[in-house]
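Shown next, in structure tokens, is the structure this report addresses.
Each reported figure results from applying straightforward, stated rules to the coordinates on display, with no laboratory input. These figures come from a predicted structure and were not determined experimentally. Cβ placement follows ideal geometry from the backbone for every residue including glycine, while neighbour counts extend to all protein chains displayed.
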Ligand code: USQ
């Protein structure tokens with residue numbers, strides 16, 4: 001199959017591309033490199049050294065003997081999006097090109113608006129482009145388990161049966177997102193569901209849990225590594241905990257640490273996206289998949305990180321800190337996830353093995369982490385409307401020595417041209 005990945009340069013886009021190539025699929029990618037730019041904006045960089053996109057393409061050619069067709073550009077420009085979709089007519093589009101950080105969306109009004117405008121615009125553009133130029137294309141849209149929030153009942157896969165005042169219906173399960181970012185995904189879901197119905201499209205809305213890990217089987221060489229974020233804004237819980245332990249910083253469960261989320265290893269996230277692509281829904285069907293393997297509390301993750309770090313001779317300590325977010329710190333959580341296993345998905349990684357693997361990589365790249373240790377502890381307080389000053393004061397400029405060793409070759413400027421690169 002031919003698969004177009006928007007956001008191919010990102011944490012999950014890149015390993016997805018490698019996995020699909022390994023399975024014999026053709027891969028086309030779009031990216032505007034805005035994540036690289038925004039990670040710099042908060043003073044950080046990828047904990048793993050990653051090459052520029054041309055260097056990545058070259059590594060794929062050299063190590064795997066495959067090529068990736070790439071279009072540099074922005075999904076918020078409709079002429080660009082429709083042109084790529086018309087030229088490529090992919091069997092599937094995996095849409096990952098969205099602002100993906102909840103804390104980033106909570107910095108201030110500008111970051112909130114940018115998150116929602118960009119995310120909704122990109123999704124609408126893809127929906128219109130598919131309708132206009134390639135209506136058989138299956139849209140696999142990256143949503144999030146966070147759309148559902150933490151209700152006091154089980155969470156179904158998108159829809160539930162409801163009896164109300166003597167009548168019965170199958171309705172979308174209520175969404176109660178917890179950040180402007182998560183709300184952008186809720187609004188996206190509504191748009192994808194509606195477009196699928198009125199234009200007879202094929203879509204899969206992936207409610208993905210928190211992804212963790214540095215590796216997939218296709219990452220056989222450092223030149224194929226994916227990015228790995230650990231700062232307060234772009235790093236996710238388990239990835240951050242491992243970095244904190246490596247750097248001798250406290251492991252930081254927020255609040256009481258009873259927040260439970262669905263988690264999935266990077267390798268299994270990529271596997272499940274591939275399964276969704278290879279098993280498309282029918283025309284007119286909007287399918288929702290809950291995509292995670294197991295639910296853990298933040299305290300469980302902190303304790304496991306502590307145990308493994310101790311085994312490795314580190315001296316970790318867990319310090320609960322006041323929760324900068326507004327969220328339930330102790331709650332019921334039981335989401336259902338049956339549709340992917342029914343399509344053949346099987347979990348391949350267990351949490352402890354992956355966490356040990358994360359530690360192995362981070363210890364190798366410890367010097368890169370050291371140079372950005374000042375961006376790890378949280379400063380963005382979700383109750384505040386404006387956190388910019390906090391960010392600027394707490395995120396000290398990188399020392400000169402760090403600036404001399406860039407994460408990659410100089411950052412490519414965000415570019416609006418879209419000829420294949
Ligand atoms: N947390 C801590 N300590 C930390 C960092 C996080 O206790 O140092 C807690 C948070 O308060 C939250 C939980 O860990 O309760 C998850 O936070 P996270 O930063 O790992 O993940 P989140 O902000 O929810 O977002 C991430 C991705 C997002 C994806 C989402 C899936 O950044 O793109 O959509 O996970 S989900 O969480 O299921 O909505």
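Laid out as a table, the results:
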| quantity | calculated |
| --- | --- |
| Overall form of segment 134-191 per C-alpha gyration tensor (a/c, 1.5; a/b vs b/c) | oblate |
| Gap separating the Cα centres of segment 221-258 and segment 60-133, nearest whole Å | 26 |
| Segment residue 377-residue 40, extension gain: residue separation times 0.36 nm, minus the distance between their alpha carbons | 119.7 nm |
| Label-point gap, in nm, between residue 162 and residue 86 - each point 7 angstrom along Cα→Cβ | 4.1 |
| Stretch gain in nm, segment residue 1-residue 319, where the contour uses 0.36 nm per residue and the Cα spacing is subtracted | 109.7 nm |
| Inter-site label distance for residue 58 and residue 334 at 7 Å from Cα along Cβ, in nm | 5.5 |
| Within the chain, helix-based [θ] at 222 nm, where runs of 4 or more DSSP H residues each add -39,500 (n - 2.57), nearest 500 | -11500 deg cm²/dmol |
| Scattering profile of the chain at q = 0.06, 0.10 Å⁻¹ [log10 I(q)/I(0), Debye over alpha-carbon scatterers] | -0.23, -0.66 |
| Contour excess over end-to-end distance, with Cα ends at residue 304 and residue 67 and 0.36 nm allotted per residue | 81.4 nm |
| Simple label model, 7 Å out from Cα along Cβ direction - residue 176 to residue 342, nm | 2.6 |
| Ordering of 274-284, 78-88, 204-214 by packing [mean C-beta count within 10 Å, highest first] | 204-214, 78-88, 274-284 |
| Packing rank of 384-390, 260-266, 133-139, 192-198, where each peptide gets the mean count of other beta carbons within 10 Å, highest leading | 260-266, 133-139, 192-198, 384-390 |
| Packing rank of 217-225, 59-67, where each peptide gets the mean count of other beta carbons within 10 Å, highest leading | 217-225, 59-67 |
| Segment 24-59 versus segment 332-356: alpha-carbon centroid distance in Å | 27 |
| Beta bridge orientation in segment 2-391: antiparallel %, DSSP, nearest 5 | 20 |
